[in-house]
1. Please indicate, with yes or no, whether at least one residue in the stretch 71-85 is modelled with pLDDT under 85 and open to solvent by 20 Å² or more (accessible area, probe 1.4 Å).
2. Looking at 115, 29, 40 in this structure, which one is closer than 17 Å to residue 16 by Cα and at pLDDT below 90?
3. Residues to consider are 109, 93, 66; find the one that is open to solvent by 70 Å² or more (accessible area, probe 1.4 Å), of a type in the set (Lys, Arg) and either more than 16 Å from residue 11 (Cβ to Cβ) or at pLDDT below 90 (or both).
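The values are calculated or read from the model by the stated rules, or taken from the named source; none is laboratory data. Since we're looking at a predicted model, the values are computed, not measured. A quick note on method: Cβ atoms are made from the backbone with ideal geometry, for glycine too, and the neighbour counts reach across all protein chains shown. Protein only, heavy atoms only, side chains kept; ligands, DNA and RNA dropped before computing areas. Shrake-Rupley method; radii C 1.70, N 1.55, O 1.52, S 1.80 Å.
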Amino acid sequence: MRDDVLREALVRLYTADYGAHCPLTSAAAVLPGCGSELRARCRAELQARLRADADGLRVWLAQTARELFLSEPALRRGLGLEDAADFWGWFDRALWAVPGSGDGPGVQRPPVGAATTS
């Protein structure tokens, strides 16, 4: 999957998950529709990229967040660091949530790779 196609798909999923509370709601009107198939394709692509080049995925995600939330046009629209952080929270938790598990937007779980105690 090309970078721009993956970025567009993630925006679709993000806006669908957050609806009216999403800072990218204008993008939702331009990029309608998404579902479990799109989520599965994105997860598979991201997992493949993680296995192939974890640092490359990290850089791509940072560039995506910068473009969406921290670029000059985004800042002029009122977006900012808190929106980028919220996107990361969604990416880290809700994107990977299993349907019907109770996970999803707003669910607090440790970040991927975080140390946990038992």
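1. Here is the first cut: in the stretch 71-85, the residues modelled with pLDDT under 85 are none.
The answer is no; no qualifying residue exists.
2. Details: 115 fails: closer than 17 Å to residue 16 by Cα; 40 fails: at pLDDT below 90.
Exactly one of 115, 29, 40 is closer than 17 Å to residue 16 by Cα and at pLDDT below 90, namely 29.
3. Numbers: 93 fails: open to solvent by 70 Å² or more (accessible area, probe 1.4 Å); 66 fails: either more than 16 Å from residue 11 (Cβ to Cβ) or at pLDDT below 90 (or both).
After applying the criteria, what remains is 109.
A quick yes/no check of all residues on (1) farther than 16 Å from residue 90 by Cα; (2) assigned to a helix (DSSP H, G or I):
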{"site": "39", "(1), (2)": "no, yes"}
{"site": "42", "(1), (2)": "no, yes"}
{"site": "46", "(1), (2)": "no, yes"}
{"site": "51", "(1), (2)": "yes, yes"}
{"site": "59", "(1), (2)": "yes, yes"}
{"site": "62", "(1), (2)": "no, yes"}
{"site": "66", "(1), (2)": "no, yes"}
{"site": "75", "(1), (2)": "yes, yes"}
{"site": "78", "(1), (2)": "yes, no"}
